[in-house]
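To keep things clear, I will list the structure first and then write my remarks on it.
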Amino acid sequence: MFKNRLVSNHTPRPAEAKAPKLLTPTPFHRHNRQLLALLLENQPWFSARDLGRMIGWPLNERTLRKLDADQHRMITLDLHGEAQSELMVSESGAYAMMVHHYHAENRGLRQWITHEVVPALRDGQVPFDDCTPNLSMLQWPGLSVSLLHWHSEPWIRLRDMPMLLAHPQMQVEARPRSSGRSWWRAVLPASRLG
């Protein structure tokens, strides 16, 4: 009547929690403010905290209720060698926040995100090909400038040059001229044969 029961000493283990893959965001700078961004599943995502600073409106729980569920998420990022959970907003969510919290500067911010940040993110994911132009960012603290790589040459837009030349790291002390001669007259005697 009683059947032999096999008793197992094996206790079931809880499923091992997989460590989330750390993603490294790309920092972009506009008007001395940083915007962390990354490409996830071929979609641009932006730090909600940084975007809130740029639009002048904190992106908190109440503010995020205006977004759909697929327009924001928590993503674990590798920030300065540490894993940190960061609230991120999708590209459409970023544009929606700029519409909900209108400010005159948001037009320039939208254009910067559309024409510089998103193309730089997308070009960073494509294998480099010297024959096709690729967009990247040239960055210093407080300044980001679009850089186009084409035929092994870096190109900067002419309209970005005044901003680039005015940056403190680009300031070069003028060397006093030792003589009243122009540079080509100073070189001329050295290049003569005989």
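Each value in this text was obtained by applying a stated rule to the coordinates, not by laboratory testing. The structure presented is a predicted model; accordingly, all values stated were derived computationally and were not measured. Reconstructed Cβ throughout: ideal geometry from the backbone, glycine too, with neighbour counts over all protein chains shown.
Quick one: which residues, 5 or more positions from PHE28 or on another chain, have an amide H under 5 Å from its amide H? H modelled 1.01 Å from N in the peptide plane, none for Pro or chain starts.
Amide H neighbours of PHE28, under 5 Å, 5+ apart: LEU35, LEU36, ALA37.
Run the numbers for HIS80 and TYR102: contour at 0.36 nm per residue of separation, minus the present Cα-Cα distance, in nm. Let's see the in-between values first.
Values: separation 22, 0.36 × 22 = 7.92 nm, distance 3.26 nm.
Length difference between fully extended and current span is 4.7 nm.
So who's got an amide H within less than 5 Å of the one on HIS72, skipping anything under 5 residues away but keeping other chains? H placed 1.01 Å off N, in plane.
Excluding prolines and chain starts, which carry no amide H, the hits are SER90.
Using 7 Å Cα-to-Cβ label points, what is the HIS31/ASP160 separation (nm, one decimal)?
Computed distance between label sites HIS31 and ASP160 equals 1.9 nm.
For q values of 0.15, 0.16, 0.19 Å⁻¹, compute log₁₀ I(q)/I(0) with the Debye formula on a Cα-only model of the stretch 73-166, without solvent.
-0.82, -0.91, -1.13
Please give the length that would be gained between LYS66 and TYR95 if that part of the chain were fully extended, namely 0.36 nm times their separation in residues minus their C-alpha to C-alpha distance (nm, one decimal).
Details: separation 29, 0.36 × 29 = 10.44 nm, distance 1.20 nm.
Between LYS66 and TYR95, full extension yields an extra 9.2 nm.
Give me the dipole magnitude in Debye, nearest 20, for the stretch 26-123 about the Cα centre, with unit charges on the beta carbon: positive for Lys and Arg, negative for Asp and Glu.
Details: 11 positive and 12 negative charges, 90 e Å.
In total the dipole reaches around 440 debye.
Based on the Cα gyration tensor of the stretch 26-123, what are the three equivalent ellipsoid semi-axes, each the root of five times an eigenvalue, rounded to whole Å and given largest first? Mind dumping the intermediate values first?
Details: eigenvalues 69, 54, 35 Å².
Three semi-axes, in Å: 19, 16, 13.
Please give me the summed charge of the neighbours of SER90: other residues whose Cβ is under 13 Å from its Cβ, Lys and Arg +1, Asp and Glu -1. Could you put the intermediate results ahead of the total?
Working: positive: ARG73; negative: GLU41, ASP68, ASP70, GLU91.
Local net charge: -3.
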